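Worksheet: one structure, shown below.
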Amino acid sequence: MDAAHGSMTLRTLDETAMLGRALAEVLARGDLVLLRGEVGAGKTTLVRAVARGLGIADPIVSPTYLLAQRYQGRHPLLHIDAYRLSGADDEELGLLLDDAPDAVTMVEWPDALSAGLPPAQMAITIEILDSRERLLRFTSRPSRLTDLERHLGDLRDRYVHAAAERGGDT
């Protein structure tokens, strides 16, 4: 994969929700997204935002003890949390990824599985800047990042327009 890199800073949950909606527009069945960041960085919050963008209303919680959770939406979402795994064997990994070809798969703590994971379409690293701000670094194909930027721009334009109509601040 030709890799391109991008970054953005999120300051609010509304911005995270906007990013989730944009990612939901860009991601397709069979896509694998790797999420890296320390505990509390916002990996599950980002998965929740993508789920909402996919039309999933179910509560999204970290599947740390279940390891994986599948949700139905416009595209199925497979949420894997590999935090408790270390060097997962091929059989265990195969079971976790059985649903991956039909779903958007988002993996938290992927380094525990990286030896057996198929190639990812996107990797996102989340860095805590302070109690509210997060720096996200993206690695993906150039066309994916271009599509993501376009969808984010469209959503921001709609948000600014709606706020102006309400007479509120953006």
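The values are calculated or read from the model by the stated rules, or taken from the named source; none is laboratory data. If you're wondering where the values come from, they're calculated on a predicted model, not measured in any experiment. When we count neighbours, we look across all protein chains shown, and the Cβ atoms used for this are built from the backbone with ideal geometry, even at glycine.
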Requested in this report: Pull up the stretch 137-170, narrow it to residues that are modelled with pLDDT of 85 or more and of a type in the set (Asp, Glu), then point me to the one that is nearest to Gly42 (Cα to Cα).
Outcome: Glu149
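For the structure I just gave you, tell me whether Ile80 is part of a loop (DSSP other than H, G, I, E, B), at pLDDT 85 or above, in contact with a Leu (Cβ under 7 Å, 6 or more places away or on another chain) and of a type in the set (Val, Ile, Thr). Give the derivation first.
Working: part of a loop (DSSP other than H, G, I, E, B): no; at pLDDT 85 or above: yes; in contact with a Leu (Cβ under 7 Å, 6 or more places away or on another chain): yes; of a type in the set (Val, Ile, Thr): yes.
Against the criterion (part of a loop (DSSP other than H, G, I, E, B), at pLDDT 85 or above, in contact with a Leu (Cβ under 7 Å, 6 or more places away or on another chain) and of a type in the set (Val, Ile, Thr)), Ile80 does not qualify.
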Query raised in the report: If you check every pair at least six apart or on different chains, which have Cβ atoms under 6 Å apart with a residue in the stretch 40-65 that is at positive phi and surrounded by 19 or more Cβ atoms within 10 Å (Cβ to Cβ) first and a residue that is assigned to a helix (DSSP H, G or I) and not polar (S, T, N, Q) second?
Result: none
Requested in this report: Please state which of the following conditions Gly94 fails to meet, knowing it meets all the rest: (1) touching a Phe, Trp or Tyr at 6+ places or on another chain (Cβ under 8 Å); (2) at pLDDT below 85.
Outcome: (1)
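When you scan the stretch 101-111, do you find a residue that is modelled with pLDDT of 85 or more, assigned to a helix (DSSP H, G or I) and closer than 25 Å to Ala3 by Cβ, even just one?
Here is the first cut: in the stretch 101-111, the residues modelled with pLDDT of 85 or more are 102-111.
Imposing the further condition that a residue be assigned to a helix (DSSP H, G or I) reduces the set to 102, 110-111.
Right, trim to closer than 25 Å to Ala3 by Cβ and you get 110-111.
Yes, the stretch 101-111 contains a residue that is modelled with pLDDT of 85 or more, assigned to a helix (DSSP H, G or I) and closer than 25 Å to Ala3 by Cβ.
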